[in-house]
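So the structure is just underneath, and the comments pick up after that.
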Amino acid sequence: MDIFESLNPMQYEAATLTDGPLIIFAGAGTGKTKVITHRIAYLIKKKNVNPKNILAITFTNKAADEMRTRVDALLPGNGRDVWVSTFHKICLFILRNHAESLGLTKNFIIYDDGDQNALIKECLKELDVNEDNIKPRMILSKISLAKSNMISEDDYLLNESSHIDSIIEKIYKLYNKKLRQNNAVDFDDIIFLTASLLKNNDSVLKTYSTRFKYILVDEYQDINYSQYMFVKTLSNIHKNICVVGDDDQCVCANSQVLTPNGYQKIENIMEGSQIVSCIGHDGVSIAQTSKVMRRPYSGQAIKITLENQKTLTVTPNHLLFAKYNSSASLSYVYMMYRKAFGYKIGVCQGLSLFTESRKYDLEEGDKIWILKICKNPKDASYFESLYSTRYGIPTLHFTARSLGATLEQDKIKKIYSEVDTFVRAEVLMRDLMIYEEHPHYVSVVKTRSLSSPKVLSLTMFGANERSRENGWYFHRMNLDINAQNIGVLRGDTSVIKKTGSLDKWKVEAVREDYSELVSFAKTISGLDELLLVEKAQLTSKAPFYQMPASHVHENMTLAFFNHKEKKIEELLVSEIEVIDYEGFVYDLSVNHLHNFIVDGFVVHNSIYSWRGADVRSMLNFERDYPNSQVVKLEQNYRSTKNILLAASEVIKNNVTRREKTLWTQGESGEKITVYEAINEQAEVVFAINQMRQVIYREDKKYSDFAFFYRTNAQSRVIEETLIKEGIPYKMVGAIRFYQRKEIKDVIAYLRLILNTSDNLSLLRILNVPRRGIGEKSISSLVAFANEKKISIFDALAKVAEIEDLPLKAKNTTLNFVDLINELRADCAKLNVTELTKNVLDKTGYLRELKVINSSQTLDRSKNINELLSVTEAYDQEKSGGGLSGFLERVTLISDLDEIDEKQNSVTLMTFHAAKGLEFPVVFMLGMEEKLFPHEHSSDENYDIAEERRLCYVGMTRARERLYIIHTRQRRIFGSVFTNPVSRFVSEIPDSLVINISCEEEFLNSVPQMTRKVFRDSAPRRIDDDDDGYGSRDLSTGAVHKPHSAASEDEPGENLAEFGGVTFAKSDRVKHSMWGIGVVLEATGRGDECLVKVNFMNVGEKKLLLKYAPLDKI
């Protein structure tokens, strides 16, 4: 059989268009991995391409291994020669081969987040920079961003020009210097250095571009700029590059953009086209587009209608220019945030809340988001109560001095400390499409307090000066700041002056380019806690606020260009709609001015990044490769017809997102089971019973099952029940194995053995196990190493030269040097497992754990045994990588890579973590309103698009069977709630589901429902992580079929009589308090009648019927 016959027409086209650039847009479950692997097979089998000339890049080791295995299955003997790799792995391969040219040895170490943070702190100390002024995390973020954007330490100030950036540049240089001294690189270096090497070294580029003639990249929309440059440079000669991905953008097709020649469709605007843009203070001018972005889009869109009936349709995050209506007749429902308290919901009349009034001053809030604008106070009160009740966010005033406050201040503070409003506000924001970084209002009053957050105001065209050459008004920044930071800013601003009697200063900066001002603002945000406000002085009146389209409400005003009168007007919004949109969307980049006019509306041009990715990579593909071809995959292959139909029925109700139309030619499969449990415990018990039955009937394994839940808090009950039932499980998203202390200790020893220049690893284990080397001695060693410009390990060998080091410490450190040298000698002749065992033995690490006899140390010993299992598996592969290869693998492993499909255990994860995975059987738990979806307004203006999409993702992870479970009542945050079934469940047609109530399942399962009946008799060892999350199956993994119910011991007589009614085993009964149950045992007559009943709600009870009468049903 031809291996390509299984492809559908679009898959076949994507697999066989092998020459030249190709971009593939793939929907969920449409077989993109199958296409990539068959494309590789086609190149080898049909095009006679040498497998070694093919490079396929994905994001996780797990995905790479799966792809490699699939190719090998298609072409036995050839698949293993194909380079299937993650970005980091292929770049590390290149780096190690050319390490010397970068001042490294081949055995360089990769520093993780903790190592990087420690190194930055060393730099701050050495440069005498106060850590309170510039946070290490902010510095690392800046350096990471620079490396991701291919900006070297020498070029850093070409892109950033403030004084604080000059400090960061010094830290950047010293940080890199210390990395090289430690013979180390960080994660960003791996790709940044490799891309730079290819770009600057023609010989190296020729070597690898000759080798990799065909390149395939998965999840292309998620790559950052350095990854983009690596791929682009490597594929530049042959241009045989295939990428798979998707992306979203902003303005919908058929929108009209204002140009000097009138309005033109946005589809017709090209790079370099002339358009009309605002230049501030009522002016407009001709501008030029520097980039045009165009992409297919299927999802949510905001349709805005103005009082003149003009409309605009954009994606929710597109920035517009808006103002609030000053009418006193309007009521605003708002959510307010105050540091140290959290969030509250309230209502105010008119714009009193958005001025520095006495009322707001007394509330002492930091920022506000508008939730609803109402025309009468009664409606506003209704929505205030609705949002407060549904989301559990108080309406209580922050201060006892506020108007209407009835509680004392200490009681108010106690309430806010005990109610987690942060999590609840996050849910509300997501539900109402509110972007936290764009509050509708920020208090200026707060800046009067030295300890309060400061307001940094950025105003486009806010200066009175104009560019003589270009004509537009300059952009202005205003900031009140504490005196301690003035020295850092001096020289970077136009005006610095002292204000008032407090130790406060006003800082003003003016820039010709708004992007430069934003960059400067981001830089100084590390100096103090700042609240950012962005405005635009489009007219001579009060400035407009910049806000996402989803933040615009009816009765606000938007900036609109009156083409006839050639001026900017302020028009009321008469209607807001959330609509479905499928088609192309566009955005224009306008240098310096950053705005354009579309359908009369003045809009901000906005290019967004996410997850560290750079959307330019996707947007630039067709520009980089003008002759590229496009293929869209839409046919789904993951799930059965019933599952897919059900998922499609759910998603088609989405008023904010409509996924690609997925379809399948596979079998219909089992109907979806929808079960109503009495509570969260019963929910898990049902899932376990169903799982055991499927295992028994279909000979499946625990690893074929996954439990999905909406929030991490739900996992506790699931974990407890699985442990109680002796079922092994693993969690995705829990604390990772390689981040545990004992594992990091052992890894540090291995790193030091490989690379004695690794100062951080040495300092970690110099006193582990305890060797009696004090902090003072360690400081002397570090100082000596710095003075001599040698590694700390080399300094240990020269302790005789350190005069202030005690004799005991000298002897101990020399013994440590001998130990490491002995282990380094072992490294040359032992495999990784043998070497690790030697480390544990010769250092005395395990012996010290055994001395401290506690449950925690027992767990740590088990974790070390698990590490030895990992090293043994690595050694058995015989990859030839040795210790260096093992450490590289450990450093680069991701959370999803730790899912071991060979490990026979159930997988637990949130719906968010499920993307890209699939399981034969999936249980979706907690499918109730207010949990999944989270509390949403039934008003169509408050759609649940993202929640429904998440449900759709969860459903389509199931290949064969899908169970959806909801409860009648659930305990949440200590309170019991009764919520109806999720609306998503109700959207599934009855023809696709089997509905089971808790009564039906309970009565049909007794007496077989006791735990003995379905319990797997295999021995299990459940090993808890340090934090109680997750377990690992250390048993044989064998699956034992359950006992037959008939094999259970039968009870005695099981017959009783009371009041003329006979009770027997298996009778169905009802109690006035405990509800429905089934008789397990019955004995005696009359007043001696004793019945044992298993009640659905409360479990087993023994009842003397004289005092606790039962009704038979």
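State yes or no: is I139 in contact with a Phe, Trp or Tyr (Cβ under 7 Å, 6 or more places away or on another chain), more than 26 Å from I94 (Cβ to Cβ) and β-branched (V, I, T)?
On the way: in contact with a Phe, Trp or Tyr (Cβ under 7 Å, 6 or more places away or on another chain): no; more than 26 Å from I94 (Cβ to Cβ): yes; β-branched (V, I, T): yes.
No, not satisfied.
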### Message
Which condition from (1) in a helix (DSSP H, G or I); (2) more than 25 Å from the chain's Cα centre (by Cα) is the one that I727 breaks?
### Response
(1)
### Message
I'd like to check something: does segment 518-533 contain any residue that is at pLDDT 80 or above and not assigned by TED's automatic domain parsing to the domain that holds E131?
### Response
yes
### Query
Given segment 137-220, what helices (runs of 4 or more DSSP H) lie entirely inside it while holding 3 or more residues that are of a type in the set (A, V, I, L, M, F, W, C) and in contact (Cβ under 8 Å) with a residue 60 or more places away in the chain?
163-181, 187-200
### Task
Check whether at least one residue in segment 96-108 is surrounded by fewer than 22 Cβ atoms within 10 Å (Cβ to Cβ), of a type in the set (V, I, T) and at pLDDT 85 or above, and report yes or no.
yes
## Note on the structure
Residue count, segment 30-58, condition outside any helix (DSSP H, G or I), in contact (Cβ under 8 Å) with a residue 60 or more places away in the chain and either surrounded by fewer than 22 Cβ atoms within 10 Å (Cβ to Cβ) or among the hydrophobic types (A, V, I, L, M, F, W, C) (or both), comes to 5
### Task
May I ask you to verify whether E698 is modelled with pLDDT under 90, buried (at least 19 other Cβ atoms within 10 Å of the Cβ) and at negative phi?
no
### Message
Taking the criterion of being at pLDDT 90 or above, part of a loop (DSSP other than H, G, I, E, B), closer than 19 Å to T311 by Cβ and not assigned by TED's automatic domain parsing to the domain that holds Y332, would at least one residue in segment 535-553 satisfy it?
### Response
yes
### Query
Of the conditions (1) crowded, with 18+ Cβ neighbours inside 10 Å; (2) over 16 Å from Q116 (Cα atoms), L157 fails just one. Which one is it?
(1)
### Which numbered condition S757 misses (of (1) modelled with pLDDT under 90; (2) under 18 Å from D745 (Cα atoms))
(1)
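Hey, which of the helices (runs of 4 or more DSSP H) in segment 735-795, taking only ones fully inside, have at least 1 residues that are touching a residue at least 40 places away in the same chain (Cβ under 8 Å) and either surrounded by fewer than 22 Cβ atoms within 10 Å (Cβ to Cβ) or assigned by TED's automatic domain parsing to the domain that holds L868 (or both)?
Working: elements: 741-754, 759-765, 775-788.
By residue number, 741-754, 759-765.
For the condition under 24 Å from I688 (Cβ atoms) and at pLDDT below 80, what is the one hit in L962, L925, L917?
Working: L962 fails: at pLDDT below 80; L925 fails: at pLDDT below 80.
Only one candidate qualifies: L917.
Does segment 14-46 hold any residues that are of a type outside the set (S, T, Y) and closer than 17 Å to S235 by Cβ, and which are they?
Taking segment 14-46 first, the residues of a type outside the set (S, T, Y) are 14-15, 17, 19-29, 31-32, 34-36, 38-41, 43-46.
Result: L17, D19, G20, P21, L22, I23, I24, I36, R39, I40, L43.
Within segment 798-813, identify whether any single residue is of a type outside the set (A, V, I, L, M), assigned to a helix (DSSP H, G or I) and touching a strand residue (DSSP E or B) at 6+ places or on another chain (Cβ under 9 Å), and answer yes or no. Can you show your working first?
Restricting attention to segment 798-813, the residues satisfying the condition of being of a type outside the set (A, V, I, L, M) are 798, 801, 803-804, 806, 808, 810-813.
Still in the running and assigned to a helix (DSSP H, G or I): 801, 808, 810-813.
The next check asks that each one be touching a strand residue (DSSP E or B) at 6+ places or on another chain (Cβ under 9 Å); those that pass are none.
The answer is no; no qualifying residue exists.
Yes or no: segment 279-293 includes at least one residue that is outside the structural domain of V427 (by TED's automatic domain parsing), of a type in the set (D, E, K, R) and at positive phi.
Initial filter on segment 279-293 (outside the structural domain of V427 (by TED's automatic domain parsing)): 279-293.
With of a type in the set (D, E, K, R) added as a condition, the list becomes 282, 291.
Pick out the ones that are also at positive phi and you get 282.
Yes, the conditions are met somewhere in segment 279-293.
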### Task
Could you grab me the full set of residues in segment 702-731 that are farther than 26 Å from Y952 by Cβ and touching a helix residue (DSSP H, G or I) at 6+ places or on another chain (Cβ under 7 Å)?
T721, E725, I727, P728
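Taking the conditions exactly as written (surrounded by 18 or more Cβ atoms within 10 Å (Cβ to Cβ), at pLDDT below 95 and acidic (D, E)), does D202 satisfy them or not? Step through it out loud before you land on a result.
On the way: surrounded by 18 or more Cβ atoms within 10 Å (Cβ to Cβ): no; at pLDDT below 95: yes; acidic (D, E): yes.
No.
Residue by residue through segment 824-842, note down the ones that are basic (K, R), under 19 Å from Q876 (Cβ atoms) and touching a residue at least 12 places away in the same chain (Cβ under 8 Å). Steps first, please.
Start the filter on segment 824-842 by keeping residues that are basic (K, R), which leaves 824, 829, 837, 842.
With under 19 Å from Q876 (Cβ atoms) added as a condition, the list becomes 829, 837.
Residue satisfying the conditions is K837 alone.
The values are calculated or read from the model by the stated rules, or taken from the named source; none is laboratory data. None of these values were measured; they are calculated from a predicted model. When we count neighbours, we look across all protein chains shown, and the Cβ atoms used for this are built from the backbone with ideal geometry, even at glycine.
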